[in-house]
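Notes follow the structure.
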Amino acid sequence: MFQAAPFLHALRAASTAALCAFSLAFGTSQAAAQESVPISFPRGQSGVAINGAVTGRDYIDYVLRGTVGQRMNVDLTVTGTNSNGIAYFNILPAGMDYNGLFVGSNEGSSASVILPETRDWAIRVYLMGNDRDTGKTVGFTINVSITGQGSGGSASGGSQSGGMLPEEDFFVVTLRTPGDTLNIRNAPRPSGRLLGKLPNGTVVRNVGGCTMSDGRQWCKVQDSQGGVQGWVAARFLRLPGPGGGENTATADDGGGAMAGSGSADIRVQFAPGSSGAELSGQLMPQKSQRYILGAGNGQDLYFRLAANGPGMTYVIYNPDGSVLLDEMPATQEYRGQLFQSGDHIIDVYNTANGAQSYTVIFGID
């Protein structure tokens, strides 16, 4: 559930002004009913994240070309609503209302499907039940990727780069340092809630397949001896047996809180008499930096991430570890009132394929 902040309180009123404020808060204009939006991937990439909002009985079709035999991966995250709305998505042949490959109301918010033919496919985002009938508005992010070459050429937007982990029944957790552990999360993204940790060398069972999220491959696994099920970054897994491959990366899935992450936490401090701070840094591809900011219940927080290119995102955590603001792009600044006292965490991620320099700006009132 999205944590409340002042700039979202207006969503609770069913007025036109409130809905306009909601659209502005999420950096997207309200989509027209039954709108069809073409998807294109950035040059050299096989995926993209899209922010949007849908209201009541409206739906939005996001359309892209896919080739028979390729795998389409789609994840949907609700980023904010007026009164706890939920969004769903289906994967359908474009221009049709049937023959769906995936139906979110039955199968959840994460899909990984093999395309049965070469054609345009639609990812339809919609509301159901009371949310639809009462005209609620739901903001969302969908992460879409197409991987593999298929049997008829690559899809528009480029082919998947090498290094993908093939789908098998079992994997082995493989980290650089013997004592490292691998985070297991409730969703295929660094901001997913931490469910537990897997020791280096653990044999895990593939229980939910692998998917792409923010340009990275994730697999849903469970310790072969039982225990919690969840998502882990695939680059820390190898196939069992000879030739399975070694993973020499440190155990940083992009979500921090792990040994060997390669970047020390930075505590934000304000100059005497100042209520703000500005810091600069640089992140290598698929890396993160954690900032710690002490603040009190009732204070207002301002945060802005200014990046020199696409693919930079951030997540804000409350002192108790819950998510205050789920993964947001650098184009969206945050202003809101805090409701806990203590160290607040801001994790900055580089999901792009190249190094990026950036500046973070903090303000407390």
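The values are calculated or read from the model by the stated rules, or taken from the named source; none is laboratory data. This structure is a prediction, so every number in the text was calculated from the model and none was measured. Neighbour counts run over all protein chains shown; Cβ positions are idealised from the backbone, glycine included.
Close contacts from region 178-189, counting a first residue that is closer than 22 Å to Ala111 by Cα and in contact (Cβ under 8 Å) with a residue 12 or more places away in the chain and a second that is crowded, with 20+ Cβ neighbours inside 10 Å and aliphatic (A, V, I, L, M), with Cβ to Cβ under 8 Å and a gap of 6+ residues or different chains, come to Asn183/Val232; Asn183/Ala233; Asn183/Ala251; Ile184/Leu198; Ile184/Val221; Ile184/Val232; Arg185/Val232.
If you go through region 205-239 and keep only what is farther than 23 Å from Ile146 by Cα and modelled with pLDDT under 75, you end up with nothing.
Being surrounded by fewer than 16 Cβ atoms within 10 Å (Cβ to Cβ), out of contact with any helix residue (DSSP H, G or I) (no Cβ under 9 Å at 6 or more places or on another chain) and on the phi < 0 side of the Ramachandran plot, is that true of even one residue in region 64-82? Scanning region 64-82 turns up at least one residue that is surrounded by fewer than 16 Cβ atoms within 10 Å (Cβ to Cβ), out of contact with any helix residue (DSSP H, G or I) (no Cβ under 9 Å at 6 or more places or on another chain) and on the phi < 0 side of the Ramachandran plot.
Report yes if some residue within region 262-271 is surrounded by fewer than 15 Cβ atoms within 10 Å (Cβ to Cβ), at pLDDT 85 or above, closer than 15 Å to Phe362 by Cα and small (Gly, Ala, Ser); otherwise report no. No, every residue in region 262-271 fails to be surrounded by fewer than 15 Cβ atoms within 10 Å (Cβ to Cβ), at pLDDT 85 or above, closer than 15 Å to Phe362 by Cα and small (Gly, Ala, Ser).
If you scan region 333-351, which residues turn out to be under 26 Å from Pro42 (Cα atoms) and surrounded by fewer than 20 Cβ atoms within 10 Å (Cβ to Cβ)? Show your work before the answer.
Within region 333-351, the first condition is being under 26 Å from Pro42 (Cα atoms), and the residues that meet it are 333-334, 347-351.
Glu333, Tyr334 - these are the residues of region 333-351 that are under 26 Å from Pro42 (Cα atoms) and surrounded by fewer than 20 Cβ atoms within 10 Å (Cβ to Cβ).
Residues in region 103-125 that are more than 18 Å from Trp231 (Cβ to Cβ) and either in contact (Cβ under 8 Å) with a residue 40 or more places away in the chain or among the β-branched types (Val, Ile, Thr) (or both): 13 in all.
Answer with yes or no whether Ile91 is exposed (fewer than 15 other Cβ atoms within 10 Å of the Cβ), of a type in the set (A, V, I, L, M, F, W, C) and closer than 22 Å to Ser46 by Cβ. Give the derivation first.
Numbers: exposed (fewer than 15 other Cβ atoms within 10 Å of the Cβ): no; of a type in the set (A, V, I, L, M, F, W, C): yes; closer than 22 Å to Ser46 by Cβ: yes.
Judged against the criteria, Ile91 is not a match.
Can you find even one residue in region 95-107 that is buried (at least 17 other Cβ atoms within 10 Å of the Cβ) and either in contact with a Lys or Arg (Cβ under 8 Å, 6 or more places away or on another chain) or on the phi > 0 side of the Ramachandran plot (or both)? No. Restricting Ser83, Ser112, Ser40 to those that are in a strand (DSSP E or B) and either modelled with pLDDT under 90 or polar (S, T, N, Q) (or both) reduces the list to Ser112. For region 76-124, the set of residues classified as of a type in the set (Phe, Trp, Tyr) and touching a Gly at 6+ places or on another chain (Cβ under 6 Å) consists of Tyr88, Phe89, Trp121, listed by residue number. For region 273-284, check the following and say yes or no: at least one residue is over 26 Å from Arg185 (Cβ atoms) and without any contact (Cβ under 8 Å) to a residue 24 or more places away in the chain. Taking every residue of region 273-284 in turn, at least one turns out to be over 26 Å from Arg185 (Cβ atoms) and without any contact (Cβ under 8 Å) to a residue 24 or more places away in the chain. Restricting attention to region 300-332, the residues that are free of Cβ contacts under 8 Å to residues at least 60 places away in the same chain and either assigned to a strand (DSSP E or B) or surrounded by 16 or more Cβ atoms within 10 Å (Cβ to Cβ) (or both) add up to 10.
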